Every structure is written in structure tokens, then in C-alpha cells.
Amino acid sequence: MTGIAKAPTTRGTTGIAVEVQGIVKHYGETKALDGVDLTVREGTVLGVLGPNGAGKTTLVRILSTLIKPDAGTAVVGGYDVMRQPRELRRTIGLTGQYASVDELLSGYENLYLIGRLLDLSKRDAKARAGELLERFSLTDASKRIAKTYSGGMRRRLDLAASMIGRPRVLYLDEPTTGLDPRTRNEVWDEVQRMVAEGSTVLLTTQYMEEAEQLADELTVIDRGRVIANGGVADLKSRVGGQTLQVRPAHPAELPEMARCLHEHGIATATYSQDTGLLAVPITGEAQLTAVIGVLGGRGFAIAGIDTKVPSLDEVFLAITGKPAPTDAAVAAPVEETVA
């Protein structure tokens, strides 16, 4: 990926951009959110992960004043979500799961109109529209009406629209679903650029790579409750340390190598004939040295060794008991809009 390098996680320590306490939302007997608490530091990206139907989109809708919570409080950019919705809307940007541009306007007209609605001057609205059209590779199509755009182009235009006012807080609800790798990287670049300029981002995503690339901290939601939070490294540490992978010169010796380690008290060693690897969870260099010493002492020829840290997918599975999500989150119905 090209573009702006991820800024260090020390930024934004002077204040809190989003603070949610005890948010509850029910749809009949369904508890979409059941007492959610979370905090997002200014100038950082919080990745919100969860299986389909976990409540991620419902949370975004509440924080963007589209629906009312049944209980709890939320403050975004210094504004109370329930008591100051009009003031709050001027400080946030939102990209939902589906593009919501005006298909009868051109790409340029969509962005210029939103800029003017956000009180940008004519000059600034034109400049910002042109800048974002270029960043999202839409300049050549800027004069075409949006209904002639492909799905990916409409998605990019929708993302540009959410960013035109340089919002203090940006909500991205699964922003790259369905995008090709090049366009996805363009979105990542723009998110990182905005954060480097001081914006705060709350990101829901179904892509573990995206969360790991963009997020400073992660919150995992399941069945409407927060079940884990912390940095990527913190969550990975809950699954365990590194795994030592040993590739023997003679794959037929894998079972014997595992038995040898078991005899020396290393009962966690496993092997796979399919991959040709012996896998041993380790917690440090001393244990790695011990494993290699045991195998070398018994005369096993080793073709290669490597260490592997848990993937974010493995973390998700360990925490939720479910595989990482592969489809867009199930959206809860919109029942009412905050006045």
C-alpha cells in the first residue's frame, strides 16, 4: 500500500472525542445494544468488530443522531447526542454500508452541494470537491451524473461526500465492502490523511486486515455487548504468544518429532502432514531454544524454522467463539429520527 504511514498511537491523548456509557437499544424482544460503553481518543481510529447482527450499525446510527437509544448517554465532539443533535451533525461525517449520493447530480455537483450545505464558501466548496474527486480517482467522471457510475464509483463518491467538510469525527460503517483492492487502498490513504490532520474515526469493518491497518484500538461487540477492547497487540496477547513452526527435512518424521517433544514435557506440540509443519506455542526465546535443542539433540534434520503471531482472525474467533465476519452486518431497522 502506498500513501501516508500510520501515525503513532500517542496522538490525541489530550481529550476524548467520543464517550458512550450504558447505551441500550431494543427492537421488540431483540436487544440490539445492551449497555455498551466505549471511548475514542481524539485523533485516533477505533475499530469496532463483531459478528453479523452484533449491534455495530445500530451504534453508529445512534451516534450520528439517526435513531434514539432507549437508555444511556453519548457525547461526541463535546455535544450530547440526545440534547444537541443539530450542533453535533455539523461536526461529524458518516458513510453507511450503502452509497447514498444523489444519482441525478454529477459527481462534482454532489460534492459541491454538500460543501455549500456545510457553509463552505463557493470557492472553498469548489476546491474541496476537486481535491476529493482527484483523491478518489473520479476527476474524469466528475461531470457525469452519478446514476451512470459503477457501484464502486458511487461508493467512492459517497466516501468523498462524508469527508468534504473535514469532520472532527468521522463514522465509517464498513466503508470498503465490495471495493477493489486499489480503491480500498485509496480509502485507507484518505482516512489516514484525515486522522493525521486531527480527525477522529470510528470504523466498523468486516475485514481484519482493515482493522489492523487503520485502528489504534479495537472494541469487539457481540450480542449487543462489549466483550473485549484494547490495542491489536493487547488482543492478540489474549490468544497466546508466538507459535514456532518447524519444517523438517524429512516430513515423515513429523509424528516422531511431536512424540519426542511430548516426552520432554512439551505437550502442546502438534503437526500437520498437509503443511509439513510442526507447530509449538512458545512464550519466549528460552522456550524456542529448548525446542530446537531437543529436536537437534535427537538428530532430527530441520529444513527451516519460523515464528508466527496470532492473526486478528484467530483473535476474533478466540474472543467471540465465531469465525471473523465475512458479510455486511445485519442492519437494524430505523424506527425514529432525533429531532
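The values are calculated or read from the model by the stated rules, or taken from the named source; none is laboratory data. Being a predicted model, the structure only gives us computed values, none of them experimental. So basically every Cβ, Gly included, is an ideal-geometry build from the backbone, and we count neighbours across all protein chains shown. Accessible surface is based on the protein model in full, side chains and every heavy atom, while ligands, DNA and RNA are left aside. Shrake-Rupley method; radii C 1.70, N 1.55, O 1.52, S 1.80 Å.
How many percent of all Cα-Cα pairs in region 97-151 sit more than 17 Å apart?
On the way: 500 of 1485 pairs.
Everything past 17 Å amounts to 34 percent.
For the chain, modelled as a GNM with alpha-carbon contacts under 10 angstrom, which of 294, 187, 45 fluctuates the most?
294
For a quick check: with amide H placed at 1.01 Å from N, whose amide H comes under 5 Å from residue 222's, ignoring anything fewer than 5 positions away on the same chain?
HN-HN under 5 Å from residue 222: 227.
Would you mind counting up the charge near residue 53? Only other residues with Cβ under 10 Å from its Cβ, with Lys and Arg at +1 and Asp and Glu at -1.
+1
Could you state how much accessible area residue 263 has, in square angstrom rounded to the nearest 10, with a 1.4 Å probe and all protein chains kept in place?
130
At a temperature of 4 °C and a viscosity of 1.567 mPa s, determine how fast region 215-255 diffuses translationally according to Stokes-Einstein, using the Kirkwood radius over alpha-carbon pairs as Rh; express D in µm²/s, rounded to the nearest whole number.
This corresponds to a translational diffusion coefficient of 98 µm²/s.
Quick one, can you get me the convex hull of the C-alpha atoms of region 233-297 expressed as volume per residue in Å³?
That works out to 91 Å³ per residue.
How large is the accessible surface of residue 282 in square angstrom, using a 1.4 angstrom probe and rounding to the nearest 10?
Here the residue's solvent-accessible area equals roughly 10 Å².
Remind me, relative contact order of region 119-262 in percent, using alpha carbon pairs under 8 angstrom and six or more residues apart?
About 16 percent, as a whole number.
Quick one: net charge of residue 183's neighbours, Cβ under 10 Å, K/R +1, D/E -1?
That works out to +2.
If I take the Cα coordinates of region 5-160 and project them onto the principal axes, what are the three extents in Å, biggest first?
47, 39, 32
Which order do 155, 90 take by accessible area at a 1.4 Å probe, largest first?
If we order 155, 90 from most to least accessible, we get 90, 155.
Leaving ligands, DNA and RNA out of it, work out the accessible area of residue 139 with a 1.4 Å probe and give it in Å² to the nearest 10.
Probe radius 1.4 Å; accessible area of residue 139 about 70 Å².
Apply the Karplus curve 6.51 cos²θ - 1.76 cosθ + 1.60, θ = phi - 60°, to the phi angles in region 83-88 and return the couplings in whole Hz, x for Gly and Pro.
3J(HN,Hα) across region 83-88, in whole Hz: 8, 10, x, 5, 5, 4.
Take the chain, compute every pairwise Cα distance, and split them into 20 Å bins from 0; I just need the percent in each bin.
The percentages, shortest bin first, are 28, 47, 21, 4.
Could you list which residues have their amide H under 5 Å from that of residue 271, counting only those 5 or more apart in sequence or on another chain, with H placed in the peptide plane?
279
Residue 147: which aspartates and glutamates have alpha carbons under 17 Å from its alpha carbon, excluding same-chain residues fewer than 8 sequence positions away?
Those aspartates and glutamates meeting the cut-off are 102, 103, 109, 158.
Taking a 1.4 Å probe, which of 124, 274 shows the most accessible area, and what order do the others take after it?
Per-residue accessible area, sorted high to low, gives 274, 124.
Name the aspartates and glutamates eligible as straight-distance cross-link partners of residue 31: C-alpha to C-alpha under 16 Å, and not fewer than 8 places from it in the same chain.
Within the straight-line cut-off, residue 31 pairs with 70, 222, 335.
Pick from 133, 117, 179: which residue has the top mean-square fluctuation in a GNM of the chain where Cα pairs under 10 Å get a spring?
117
So what's the back-of-envelope 222 nm ellipticity for the chain, counting only DSSP H runs of four-plus at -39500 (n - 2.57) apiece and dividing by all residues, rounded to 500?
That calculation yields -10000 deg cm²/dmol at 222 nm.
For Cα pairs less than 8 Å apart in space and 6+ apart in sequence, what is the mean separation divided by the residue count of the chain, i.e. the relative contact order in percent? Don't skip to the answer; put the middle values down first.
Working: 655 pairs, mean separation 76.7, N = 339.
This gives 23 percent for the chain.
Please report the base-10 log of the normalised intensity I(q)/I(0) for region 265-319, using a Debye sum with one equal scatterer per alpha carbon and no solvent, at each q in 0.20, 0.21, 0.23, 0.25 (1/Å).
-0.89, -0.96, -1.11, -1.24
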